[in-house]
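A short write-up of the structure that comes next.
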Amino acid sequence: MNSIFDSLPRSWAGPLGKIIQAETSQQLSAFLAAEAEAGKVIYPAQSEVFNAFEATAFKAVKVVILGQDPYHGSGQAHGLSFSVPVGEKIPPSLRNIYKEINQDLGLATPSHGCLDEWSQRGVLLLNSILTVEHSQAGSHQGQGWEEFTDEVVAQLSQQREGIVFMLWGSYAQKKGRVIDRAKHCVLESAHPSPFSAHRGFLGNGHFSAANGYLESQGLEAIDWSLTDPQQALDL
């Protein structure tokens, strides 16, 4: 039987070899195959499940932004936490992320919600759970994705140095328990959701703090600006 992990990019397959072979991952792969066989609509498309890993190689990760579930509406999820394809409505949490970047760095707010460019610059946009059934929020919790993404965080912590982990909300902060804080920068605050952003996300200064830390490690800061597709067409 083919495994969902067969399409995991090579730069990640090595560090994650143990978890890929684990029983939880085999059960997860079987679960996803059975859901597809039953005709369930799963997001993102199978070809996009590992988009975050395709865009940001293991040794290229400079910042990790940890989300929870993929979006469960049609056309929204494309394998990057908090991101939606160009043309989709910007989700509320991402609007607050943009608001904080504007306050923190003075950057213009994009007209779209696609964060592909961040991924290309070393920002791993990692959800804890990588798939979801259409209109069924949280439907793939407890199927094995949590163990897999725990190992992603653990291997980055163990094998790399000087990464910035942005942990927003209690869920992400619990997942950060495996991070070696002597080797990495961990930034924590409330979640950017409209329900909690006013309790410490807005005004957290995480984007300037991340860049300050990276520069202190001799690394290039992240360019948090995003190209506006319409502006690009007009050039």
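The values are calculated or read from the model by the stated rules, or taken from the named source; none is laboratory data. The structure displayed is predicted, hence computed values, not measured ones. Here the Cβ positions follow ideal geometry from the backbone for every residue, glycine too, while neighbour counts run over all protein chains shown. Quick note on the areas: whole protein, heavy atoms, side chains included, nothing else; ligands and nucleic acids left out. Shrake-Rupley method; radii C 1.70, N 1.55, O 1.52, S 1.80 Å.
Extending 7 Å from the Cα toward the beta-carbon at both LYS59 and ALA22 defines two label points whose distance is 2.5 nm.
Put the Cα centre of region 33-111 next to the Cα centre of region 134-191 and the gap is 15 Å. To the nearest ten degrees, helix 206-216 and the longest principal axis of the Cα atoms of the chain are 90 degrees apart. Take 36-48, 189-201, 114-126 and order them by the average number of nearby Cβ atoms within 10 Å per residue, most first; the result is 114-126, 189-201, 36-48. Could I have the simple spin-label model distance between GLN159 and VAL41, label points 7 Å from Cα toward Cβ, reported in nm to one decimal? Each label point is offset 7 Å from its Cα along the Cβ direction, giving 3.7 nm.
Calculation over all alpha carbon pairs of region 7-107 in 10 angstrom steps from 0 returns a P(r) of 13, 35, 35, 14, 3 percent. Extending 7 Å from the Cα toward the beta-carbon at both ARG199 and GLN173 defines two label points whose distance is 0.9 nm.
Only lysine pairs 8 or more places apart, or on different chains, with alpha-carbon atoms under 30 angstrom apart are counted in the chain, and they number 25. Protection proxy ranking of 154-165, 216-227, by the mean of other Cβ atoms within 10 Å over each peptide's residues and highest first, is 154-165, 216-227. Accessible surface for the chain, divided over its residues, is 47 Å² per residue with a 1.4 Å probe.
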